[in-house]
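The values are calculated or read from the model by the stated rules, or taken from the named source; none is laboratory data. For clarity, every value in this text was computed on a predicted model and none was experimentally measured. As a convention, Cβ positions derive from the backbone with ideal geometry for all residues, glycine included, and neighbour counts pool all protein chains shown. Each accessible area value is taken on the protein alone, full model and side chains, heavy atoms only, with ligands, DNA and RNA left out. Shrake-Rupley method; radii C 1.70, N 1.55, O 1.52, S 1.80 Å.
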Amino acid sequence: MCQKLKPTDVISKLPYAKPFLFVDELTFLSENKAEGNFHFLPELDFYKGHFKDNPVTPGVILTECMAQIGLVSLGIYLLSDSENIKNLKIGLTSTEIEFLKPVYPDEKVQVLSEKIYFRFNKLKCKVQMLDSENDVVCRGSIAGMILNN
Amino acid sequence: MIKMTDQDIISRLKHIVKPYVQREIGMQDFNKQTDFLKDLEINSANLVDVVLDVEDEFGIEVDNDSMQGMLRVGDAVNIINNKKSIQ
């Protein structure tokens, strides 16, 4: 059995690229937890339209950011000593998120994720996002399935 | 301990699956032939939650092979009876 991946190796295995990569750093990964951060640069394309003359980060993007750090990165880490890591695919199956505070351009957010369970190829996590003032901006639960090719 | 009848198990199963059912009409005739995915339109990801709830409710652990064979209510009844009999 080989070793678990390091956080930097997990980032390189993420199946996303710009402009849809919402992970800058993974700061902590274990069997039960994942932590990471992302800086929402003001140049990001969606700010042009959400909203007109009033840029605010869309809730779906915040959800995506929490899924990439909290669910997919953790999933890759958990499966990093298994054989199917090379062509790993994770499909989002459910989200239940509440949004508490707007995230404006240039904000650096931190995502904290805790595994609720990983059974029968389904990973479900409790996630929350904090802004630079350490206020919770959104939180909830996200689940996905590891897809067999 | 008094042995559970299949009917007891079925009525407890009906209670467990309720929050995940998308096709309500499938609940009207809930029996061993009822197919979780086709008759109740429970999505396959939520079927995992059904199994986890079954584990808690009946105090058993369901393995991967059993999970994959759990297509109908009758399959679940058999799994529960088998696990209970070896406890």
Sequence order, region B:75-87: Karplus ³J(HN,Hα) from phi using 6.51 cos²θ - 1.76 cosθ + 1.60, θ = phi - 60°, Hz rounded, Gly and Pro as x, gives 4, 5, 4, 4, 4, 5, 4, 5, 5, 5, 6, 9, 6
Probe 1.4 Å, protein heavy atoms only: A and B together bury a total accessible area in Å², to the nearest 100, of 700
Rg/Rh of chain B (Cα atoms, Kirkwood Rh), to two decimals, equals 0.93
Percent antiparallel among DSSP beta bridges confined to chain A, nearest 5, equals 100
For chain A, the dipole about the Cα centre with charges only on Cβ (Lys and Arg +1, Asp and Glu -1), to the nearest 20 debye, works out at 640
Any residue on another chain or 5+ positions along whose placed amide H is under 5 Å from the amide H of A:T27 is listed here as A:E35, A:G36, A:N37
Any lysines whose Cα falls less than 16 Å from that of A:K89, other than same-chain ones fewer than 8 residues away, would be A:K13, A:K122, A:K124
Residue by residue through region B:28-40, the couplings from Karplus 6.51 cos²θ - 1.76 cosθ + 1.60 with θ = phi - 60°, in Hz, x for Gly and Pro, are 5, 10, 8, 9, 4, 7, 4, 8, 4, 7, 7, 7, 9
Over all viewing directions the Cα convex hull of region A:45-125 casts an average projected area in nm² of 6.8
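Could you compute how fast chain A diffuses translationally, taking Rh as the Kirkwood radius over C-alpha pairs and applying Stokes-Einstein at 37 °C with viscosity 0.692 mPa s? Give it in µm² per second. Spell out each step's value before the answer.
Working: Rh = 15.5 Å.
Rounded, D is 211 µm²/s.
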Applied in sequence order to region A:14-28, the curve 6.51 cos²θ - 1.76 cosθ + 1.60 (Karplus, θ = phi - 60°) yields integer Hz couplings, x standing for Gly and Pro, of 5, x, 10, 9, 4, x, 10, 9, 10, 9, 9, 9, 10, 9, 7
Note to self, the protein assembly as shown gives a 222 nm [θ] from helices alone (DSSP H runs n ≥ 4, -39500 (n - 2.57) apiece, / all residues, nearest 500) of -8000 deg cm²/dmol
Among A:K86/B:K38; A:K126/B:K32; A:K4/A:K86; A:K101/A:K126; A:K18/A:K52; A:K52/A:K126, the pairs whose Cα-Cα distance exceeds 25 Å are A:K86/B:K38; A:K126/B:K32; A:K52/A:K126
Excluding residues fewer than 8 positions from A:K108 in its own chain, the aspartates and glutamates with Cα under 16 Å of it are A:D24, A:E25, A:E35, A:E43, A:E64, A:D131, A:E133, A:D135
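Averaged over peptide B:63-69, how many Cβ atoms belonging to another chain are found within 10 Å of each residue's Cβ? Display every interim value, and only then the final one.
Numbers: counts 1, 3, 0, 0, 3, 1, 0.
Across the residues of B:63-69, the mean count of other-chain Cβ atoms within 10 Å is 1.
Given a cut-off of under 8 Å on Cα pairs at least six residues apart, what relative contact order in percent is computed for chain A?
Working: 296 pairs, mean separation 38.0, N = 149.
The normalised contact order for chain A reaches 26 percent.
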Burial-style ranking of A:43-54, A:102-113, A:128-139, B:3-14, average other-beta-carbon count within 10 Å with highest first, yields A:102-113, A:128-139, B:3-14, A:43-54
